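*Asks:* There's a structure below that I have some questions on.
The values are calculated or read from the model by the stated rules, or taken from the named source; none is laboratory data. This structure is a prediction, so every number in the text was calculated from the model and none was measured. Here the Cβ positions follow ideal geometry from the backbone for every residue, glycine too, while neighbour counts run over all protein chains shown. When the accessible area is computed, the model is the full protein with side chains, heavy atoms only, and any ligands, DNA or RNA have been set aside. Shrake-Rupley method; radii C 1.70, N 1.55, O 1.52, S 1.80 Å.
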Amino acid sequence: MKINNRSFFPLPVTSARVLCRFSTPKKELLASLFFGGKSRANHDSRLCTRIGAMALVVLLTLSAQTSAQQKTYCNPINVDYGYCPIPNFVTQGKHRATADPVVTFFKGEYYMFSTNQWGYWHSKDMLNWKFIHRKFLRPEHKVYDELCAPSVSFVNDTMIVVGSTHTKEFPIWMSTNPSTDDWKQLVHKSQAAAWDPQIFWDKETDKVYEYFGSSNLYPLYAYQLDRKTFQPIGDEPMPQIALNDDEHGWERFGEYNDNTFLNPFVEGAFVTKHNGKYYLQYGAPGTEFSGYGDGVYVSDKPMGPWEYQSFNPFSYKPGGFARGAGHGATFQDANDAYWHVSTIGICTKNNFERRIGIWPAGFDKDGILYSNTAYGDYPTFLPAEKKGHLAPSFAGWMLLNYNKPVQVSSTLGGYQANAAVDEDIKTYWSAKSDGKGEWLISDLGEVSIINAIQINYADQDADIMGKPDATKGHQYVISVSNDNKNWKTIVDKSKNKTDVPHDYVELEKPASGRYVKIENLGMPTGKFALSGFRVFGKGSGLKPQPVKNFVPLRAEPKRKGERRNVWFKWQQNPDADGYVIYFGKSPDKMYGSIMVNGKTEYYFNGLDRSDVYYFSIEAFNANGISERSEVKESK
């Protein structure tokens, strides 16, 4: 396939001009409607005045509507996730599933692709996502996986998409208008076909590369692609990086990087270029685990040699409600601020039952890539708010109902009520039916200010596979009460027609109450079941005092011991719901974080063996966050 390099992928030229003109008959009609029988001389003058006034009202109305829009989002992000299409993966129950996400900001919109969705999403605000149905693979491919672990990138004004394959049969697709189903084949059969691909366009050099790999035996690889044909240059790909779990504890296999019976997986290659340097990101040690994270190597050249970044994993979230932050992509928003999108694990009905999370990210003054996951599954400011991507990204609304008393209409088997408020996405409460008579009441313990609510549905007895063209949608009503008798409705989605499996509602005006009730009115499939009914706001009490006697225990450098591990101990704080431990390799770069609920110790197995670390801890509850403890050094 020959493509003229100069004419293909031209730089975008945008010019828009809007003219609004009324013809004389239209003026007369509008004048008669607005003013009745007036002289024509006055018609035009008064019509222009009235139209101007109306325009001002419209502008003020739009401004008011904009200001009333949600300012925050909450992970897992709320999109209409498709259901697993693979028969062997649903033997323990049909369920929603996706992972390996990529987001790119293209022509004024965010585009998000992920595994096996039979289409993709786009959004103007990173909150409201619209799904476009499309299958990118042809019938002759005969696979259940549809665009698994896709690559999404763009070259000038053209978006490029390709999925994972072990053959050389899959096409590369292109579109200049992906906001509709408008795609053409760029390459009919890609000879650079691979698993977990990423096509990277180096804008400054106008060269194209493909990075790929998913294995516990082999490294990540890369090809340079011919700029005209998009086929690989050379017969063999070049090895790039491999895991070094003997040194890097977080790369070890296991739920908490604690098992050594299997080799860990390296996968999810993704390259970002920043200030002339190339950042090769990768996921490890396995998508099934809470310790799944993303690391990064840095180079002055697109094909290496690569140097391990001093802070890793740069994206990591082993604790809290939504756990796991691996196999993702780094992108910029409309304001050029960085974000990182990645996989969140549920892994209950199947190892590959997963969701998507988006975390504030960035590069510090020394070029260190970080992703901020501290309170990353609490309300977080959207790009339009232009907040800083460290502490200022968190809205400050606390979880009000962690492990608080719960009342329910019914319970199915062992799916007990408290699982809806235990901050564990892997567990859930299920009612006996999907009927309108099913409800859950969460007792906050005291009258509190409520700012937002997240409703996380669980797929109990779902009967859907793949991505339907439409579903009934989730329908419910949420009410508050001070006495558990007299109720006031604060959220009414009784007529909702959309699929909202992780619905997040930021209240236009904060509500006040002690009891929060959700009443089911309709489900798209399965029983009324919740893995997390999460109420955010501010309690009326005091925030916890600083943590005392925080001690990180780690083997000394010249003594026998496992230096990739550290055991944290601290004094119980009676006012705390949980704690956040921060870590890093210098006191001013403690970008890593671990949320721990309801415990006073934590075994962290994600250290690099040879390096000095610094640690600090803070306590939190429904009323706020304590001051951080003194920074502790661990040589």
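*Asks:* Give the cross-link partners of LYS632 among the lysines, using a straight C-alpha distance below 18 Å as the criterion and excluding same-chain residues fewer than 8 apart.
*Replies:* Hits, sequence-local ones excluded: LYS548, LYS569, LYS585, LYS589.
*Asks:* Got a number for the accessible area of GLU556? Probe 1.4 Å, square angstrom, nearest 10.
*Replies:* It works out to around 100 Å².
*Asks:* Let me ask you something else. Check VAL491: other-chain or 5+ apart residues with amide H under 5 Å from its amide H, H built from backbone geometry?
*Replies:* It is ILE478, by chain and number.
*Asks:* What's the center-to-center distance, using Cα atoms, between region 360-414 and region 244-316 in Å?
*Replies:* Cα centroid of region 360-414 versus Cα centroid of region 244-316: 23 Å apart.
*Asks:* Just checking my list [x] 20, 56, 23, 0; [y] 18, 49, 27, 5, 0; [z] 22, 59, 19, 0 against P(r) over Cα pairs in 20 Å bins from 0, in percent computed from this structure; which label fits?
*Replies:* [y]
*Asks:* I would also like to ask the following. Per residue of the chain, what 222 nm ellipticity follows from adding -39500 (n - 2.57) for every DSSP H run with n ≥ 4, rounded to the nearest 500? Mind dumping the intermediate values first?
*Replies:* Working: 2 runs with 41 residues, N = 635.
Helix-only estimate at 222 nm: -2000 deg cm²/dmol.
*Asks:* Counting heavy atoms of the protein chains only and a 1.4 Å probe, report the per residue accessible area for region 451-518 as a whole number of Å².
*Replies:* Working: 3070 Å² over 68 residues.
Each residue of region 451-518 exposes 45 Å² on average to a 1.4 Å probe.
*Asks:* Moving on to the next point. Could you list, in their original order, any pairs among LYS124/LYS365; LYS107/LYS273; LYS124/LYS599 whose Cα atoms are separated by more than 31 Å? Present the calculation step by step, with values, prior to reporting the outcome.
*Replies:* Working: LYS124/LYS365 29 Å; LYS107/LYS273 19 Å; LYS124/LYS599 41 Å.
Correct reply: LYS124/LYS599.
*Asks:* Could you pull out the trypsin sites (Lys or Arg not before Pro) across region 465-553 that fall in loop regions by DSSP (anything but H, G, I, E, B) with no more than 16 other Cβ atoms inside 10 Å? The partial results should precede the final answer.
*Replies:* On the way: sites: LYS472, LYS485, LYS488, LYS493, LYS495, LYS497, ARG514, LYS517, LYS527, ARG534, LYS538, LYS548; in loops: LYS472, LYS485, LYS495, LYS497, LYS527, LYS548.
Hits after loop and neighbour filter: LYS472, LYS485, LYS495, LYS497, LYS548.
*Asks:* Same structure, new question: Quick one: net charge of ASN486's neighbours, Cβ under 13 Å, K/R +1, D/E -1? Please report the intermediate quantities before stating the final value.
*Replies:* On the way: positive: LYS485, LYS488, ARG514, LYS517; negative: ASP483.
Here the charged neighbours net out to +3.
*Asks:* How big is D, in µm² s⁻¹, for region 535-583 by Stokes-Einstein at 25 °C and 0.890 mPa s if Rh is the Kirkwood radius over C-alpha pairs?
*Replies:* On the way: Rh = 13.7 Å.
Reported coefficient: 179 µm²/s.
*Asks:* Please go through region 362-447 and write out the trypsin sites (Lys or Arg not before Pro) that DSSP classes as loop and that have at most 12 other C-beta atoms within 10 Å.
*Replies:* On the way: sites: LYS365, LYS386, LYS387, LYS426, LYS432, LYS436; in loops: LYS365, LYS386, LYS387, LYS426, LYS432, LYS436.
Listed in order of number, the matching sites are LYS365, LYS386.
*Asks:* Rank by packing, highest mean first: peptides 274-286, 317-329, 337-349, with packing defined as the count of other Cβ atoms within 10 Å averaged across residues.
*Replies:* Numbers: 274-286: 21.5, 317-329: 27.9, 337-349: 24.2.
So the peptides 274-286, 317-329, 337-349, ranked by packing, come out 317-329, 337-349, 274-286.
*Asks:* Could you compute how much accessible surface TRP306 exposes when probed at 1.4 Å, giving the result in Å² to the nearest 10?
*Replies:* 40 Å²
*Asks:* Further question on the same structure: Which net charge results for the neighbourhood of ILE132, defined as the other residues with beta-carbon distances under 15 angstrom from its beta-carbon, given Lys and Arg at +1 and Asp and Glu at -1?
*Replies:* Details: positive: LYS107, LYS124, LYS130, ARG134, LYS135, LYS467; negative: ASP80, GLU109, GLU146, ASP181, ASP182, ASP469, ASP499.
Overall, the nearby charge balance is -1.
*Asks:* Please say if region 138-242 is rounded, prolate or oblate, where rounded means a/c under 1.5 for a ≥ b ≥ c the square roots of the C-alpha gyration tensor eigenvalues, and otherwise the choice is prolate for a/b larger than b/c and oblate otherwise? Mind showing how you got there, number by number?
*Replies:* Details: a/c = 1.75, a/b = 1.14, b/c = 1.54.
Since a/c reaches 1.5 but b/c is at least a/b, the shape of region 138-242 is classed as oblate.
*Asks:* Mind ranking 208-217, 163-172 by how tightly packed they are, going by the mean number of other C-beta atoms within 10 angstrom, highest first? Please list the in-between numbers first.
*Replies:* Values: 208-217: 20.6, 163-172: 18.4.
The most tightly packed comes first, giving 208-217, 163-172.
*Asks:* For the chain, what is the relative contact order in percent, using Cα pairs closer than 8 Å and at least 6 residues apart in sequence? All intermediate terms of the calculation are to be shown ahead of the outcome.
*Replies:* Numbers: 1672 pairs, mean separation 74.5, N = 635.
After rounding, I find 12 percent.
*Asks:* Among the GluC sites (Glu not before Pro) within region 226-267, which fall in a DSSP loop and have no more than 15 other Cβ atoms within 10 Å of their own Cβ?
*Replies:* Working: sites: GLU247, GLU251, GLU255, GLU267; in loops: GLU247, GLU255.
The qualifying sites are GLU247.
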